[in-house]
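Participant: Here it is, the structure in full.
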Amino acid sequence: MYSQFVDTGAQGKSTGQDASEQERAFQARIDEGISIEPKDWMPEKYRKTLVRQISQHAHSEIVGMLPEGNWITRAPSLRRKLILLAKVQDEAGHGLYLYSAAETLGASRDELLDALHEGRAKYSSIFNYPTLTWADIGAIGWLVDGAAIMNQVPLCRCSYGPYARAMVRVCKEESFHQRQGYELLLEMVNGTDDQKAMAQDALNRWWWPSLMMFGPADGDSIHTQQSMAWKIKRHTNDELRQRFIDQTVPQAHYLGLEIPDPDLRWNEETGHYDIGEINWDEFWNVVNGNGPCNRERLAARRKAYEDGAWVREAAQAYADKQQQRRAAA
Amino acid sequence: MSKDWPLWEVFIRSKHGLSHKHVGSIHATDAEMAMNNARDVYTRRNEGASIWVVPSAQIVSSAPGDKEMLFDPSNDKVYRHPTFYEVPSDVENM
Ligand SMILES: [Fe+2]
Ligand SMILES: [Fe+2]
């Protein structure tokens, strides 16, 4: 999802026998639904896994501003510009809530940012695709934020208190993101033939990458079991992906758009939509740094950070000077 | 690589008469910037009528290990709760 590759340091989950008494007590608390708070004892692997998961999530929010930021100056009306600005600003906020949650686990903000800028940290594969037309802004809100909501709502009940609370804030803000995207596309499909074609083209390009957001298929997702036992993941990748598909296909029909999958059909028996094969080669390619925009995204992040260096230094120098003056007075 | 700006905890009081509530943290070089950053990050939807920012390093908190020492003494004082007392059911409004 927004954190697609969270290594738990273990394959499968650790079993009762080799766990220490402390670990068993910890697991018992989680099973009872008692939230884990920053100062509580926790297994080192739990702490590390969470830092990884929360920081991947934070990085995704931050890098996720780039594809949409690309269209702020070219929004077709003042109304749309205000909406897009507010949405992108929210994503910055989401990133900050999440960095703040990661810091409660002892992570340093600067170290997390360094890891991102040096390409050592992951962020969601979805943000390595380009936004070619205005309709892409609609498709991102509808599909990408839609998929994010699907993943984030269950995380409001995850075992780590600060993460769960950050997710509650995020989810409250997320729903306008999806709705503005859908409304944007609704306007386009009711516009000229060219506008409708543009909307269809956006769906064609964003559909599959959106499904890939949920991460590898369950069979290839070796860390799921441990994460589920720790309740920092509440549903498997395939479960969430299926829910997203079932929810989204009728919404596409309402728009009069076609899902770009010839194998898509309703399955009476299971009560779900069946889909064609996901192109996992493409997925791994993007994950491993070779998507259409990986290099561009990282370069943009680095430039923004480096260009801001003098501001950070000046602010610190000013604060130091003020403090010295107060001390001298 | 630069060093982290100091961390501040943010507390917001909503309009509904409740106490200030912890909402998260932000980084800032001084109190004024902490206030501005808290406003931008935690009150984009009119959530707050008042903001407190406190340097995280200044917060003293209880340790999980002290839980028994701190909270057990109140555990057996059932007479502090109204349900401890029996009042005949014909007595109304109590
Ligand atoms: Fe977000
Ligand atoms: Fe969003």
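The values are calculated or read from the model by the stated rules, or taken from the named source; none is laboratory data. Because the structure is a prediction, the values reported are computed rather than measured. Here Cβ is always computed from backbone atoms with ideal geometry, including for glycine, and neighbour counts include all displayed protein chains. With ligands, DNA and RNA removed, areas are computed over all heavy atoms of the protein, side chains included. Shrake-Rupley method; radii C 1.70, N 1.55, O 1.52, S 1.80 Å.
Participant: Pull out all pairs, ordered by first then second residue, where Cβ-Cβ is under 6 Å, the residues are six or more apart or on different chains, the first lies in the stretch A:59-88 and is polar (S, T, N, Q), and the second is within 16 Å of ligand 2 (Cβ to nearest atom).
Facilitator: Qualifying pairs under 6 Å: A:Ser60/A:Tyr2; A:Ser60/A:Tyr123; A:Ser60/A:Ser124; A:Asn70/A:Thr131.
Participant: Could you figure out which of (1) surrounded by 14 or more Cβ atoms within 10 Å (Cβ to Cβ); (2) within 14 Å of chain B (Cβ to nearest Cβ) isn't true of A:Ala314?
Facilitator: Of (1) surrounded by 14 or more Cβ atoms within 10 Å (Cβ to Cβ); (2) within 14 Å of chain B (Cβ to nearest Cβ), only one is false for A:Ala314: (1).
Participant: State whether one or more residues within the stretch A:296-303 are within 26 Å of the chain's Cα centre (by Cα), within 22 Å of B:Lys3 (Cα to Cα) and within 14 Å of chain B (Cβ to nearest Cβ).
Facilitator: Yes, the stretch A:296-303 contains a residue that is within 26 Å of the chain's Cα centre (by Cα), within 22 Å of B:Lys3 (Cα to Cα) and within 14 Å of chain B (Cβ to nearest Cβ).
Participant: Among A:Gly291, A:Gly271, which is among the small types (Gly, Ala, Ser), away from chain B (no Cβ under 14 Å) and over 24 Å from the mean Cα position of the chain (by Cα)?
Facilitator: The conditions single out A:Gly271.
Participant: I would also like to ask the following. Could you check A:Tyr99 against (1) open to solvent by 10 Å² or more (accessible area, probe 1.4 Å); (2) in contact with a helix residue (DSSP H, G or I) (Cβ under 8 Å, 6 or more places away or on another chain) and say which number it fails?
Facilitator: Among (1) open to solvent by 10 Å² or more (accessible area, probe 1.4 Å); (2) in contact with a helix residue (DSSP H, G or I) (Cβ under 8 Å, 6 or more places away or on another chain), the lone unmet condition for A:Tyr99 is (1).
Participant: Quick check on my filter: what residues within the stretch A:190-207 are open to solvent by 20 Å² or more (accessible area, probe 1.4 Å) and part of a helix (DSSP H, G or I)?
Facilitator: A:Asp193, A:Asp194, A:Gln195, A:Lys196, A:Ala197, A:Met198, A:Gln200, A:Asp201, A:Asn204, A:Arg205 - these are the residues of the stretch A:190-207 that are open to solvent by 20 Å² or more (accessible area, probe 1.4 Å) and part of a helix (DSSP H, G or I).
Participant: One residue is enough: does the stretch A:110-120 have a residue meeting the conditions closer than 23 Å to B:Arg44 by Cβ, free of Cβ contacts under 8 Å to residues at least 40 places away in the same chain and within 17 Å of the chain's Cα centre (by Cα)?
Facilitator: no
Participant: Out of the stretch A:28-46, which residues are more than 14 Å from chain B (Cβ to nearest Cβ) and crowded, with 16+ Cβ neighbours inside 10 Å?
Facilitator: Of everything in the stretch A:28-46, those that are more than 14 Å from chain B (Cβ to nearest Cβ) and crowded, with 16+ Cβ neighbours inside 10 Å turn out to be A:Ile30, A:Pro43, A:Lys45, A:Tyr46.
Participant: For the stretch B:22-50, enumerate the residues that are within 20 Å of A:Tyr318 (Cα to Cα) and more than 9 Å from chain A (Cβ to nearest Cβ).
Facilitator: The answer is B:Ala31, B:Glu32, B:Ala34, B:Met35, B:Asn36, B:Ala38.
Participant: Taking the criterion of being closer than 28 Å to A:Ile54 by Cβ, within 14 Å of another protein chain (Cβ to nearest Cβ), of a type in the set (Lys, Arg) and more than 16 Å from ligand 2 (Cβ to nearest atom), would at least one residue in the stretch A:135-158 satisfy it?
Facilitator: no
Participant: Right, another one. Going through the stretch A:93-131 one residue at a time, which ones are small (Gly, Ala, Ser) and either more than 16 Å from ligand 1 (Cβ to nearest atom) or assigned to a helix (DSSP H, G or I) (or both)?
Facilitator: Hits for the stretch A:93-131 are A:Gly93, A:Gly95, A:Ser100, A:Ala101, A:Ala102, A:Gly106, A:Ala107, A:Ser108, A:Ala115, A:Gly119, A:Ala121, A:Ser125.
Participant: Would you be able to tell me the number of residues in the stretch A:51-96 that are farther than 20 Å from A:Asp136 by Cβ, away from ligand 2 (no atom under 12 Å from the Cβ) and within 14 Å of chain B (Cβ to nearest Cβ)?
Facilitator: 3
Participant: Shifting gears a bit: Which residues, counting only those in the stretch A:220-257, are surrounded by fewer than 21 Cβ atoms within 10 Å (Cβ to Cβ) and among the basic types (Lys, Arg)?
Facilitator: A:Lys231, A:Arg234, A:Arg243
Participant: Another question, if that's okay. Looking at (1) touching a strand residue (DSSP E or B) at 6+ places or on another chain (Cβ under 9 Å); (2) surrounded by fewer than 23 Cβ atoms within 10 Å (Cβ to Cβ), which one does A:Ala166 not meet, given that it meets all the others?
Facilitator: (2)
Participant: Look through the stretch B:5-50, keep the residues that are of a type in the set (Lys, Arg) and in contact (Cβ under 8 Å) with a residue 24 or more places away in the chain, and return whichever of them is surrounded by the fewest Cβ atoms within 10 Å (Cβ to Cβ).
Facilitator: B:Lys15
Participant: To continue, here is another question. Do we find that A:Ile137 is over 12 Å from A:Met213 (Cα atoms), in contact with a Ser or Thr (Cβ under 9 Å, 6 or more places away or on another chain) and not basic (Lys, Arg) in this structure?
Facilitator: In short, yes.
Participant: Only residues that are surrounded by 10 or more Cβ atoms within 10 Å (Cβ to Cβ), in contact with a Lys or Arg (Cβ under 9 Å, 6 or more places away or on another chain) and more than 14 Å from chain A (Cβ to nearest Cβ): list them for the stretch B:51-92, please.
Facilitator: If the condition is that a residue be surrounded by 10 or more Cβ atoms within 10 Å (Cβ to Cβ), in contact with a Lys or Arg (Cβ under 9 Å, 6 or more places away or on another chain) and more than 14 Å from chain A (Cβ to nearest Cβ), then B:Ile51, B:Trp52 are the ones that fit.
Participant: Need pairs with beta-carbon distance below 6 Å; first residue over 22 Å from A:Ala101 (Cβ atoms) and within the stretch A:165-191, second more than 11 Å from ligand 1 (Cβ to nearest atom) and open to solvent by 50 Å² or more (accessible area, probe 1.4 Å); sequence gap 6+ or separate chains.
Facilitator: A:Met188/A:Gln195; A:Val189/A:Lys196
Participant: Moving on. Which of (1) within 16 Å of ligand 2 (Cβ to nearest atom); (2) within 14 Å of chain B (Cβ to nearest Cβ) does A:Arg165 not meet, given it meets every other one?
Facilitator: With (1) within 16 Å of ligand 2 (Cβ to nearest atom); (2) within 14 Å of chain B (Cβ to nearest Cβ) applied to A:Arg165, the lone miss is (1).
Participant: Let me ask something else. Of A:Gly146, A:Gly161, which residue is out of contact with any Lys or Arg (no Cβ under 8 Å at 6 or more places or on another chain), more than 13 Å from ligand 1 (Cβ to nearest atom) and touching a residue at least 24 places away in the same chain (Cβ under 8 Å)?
Facilitator: A:Gly161
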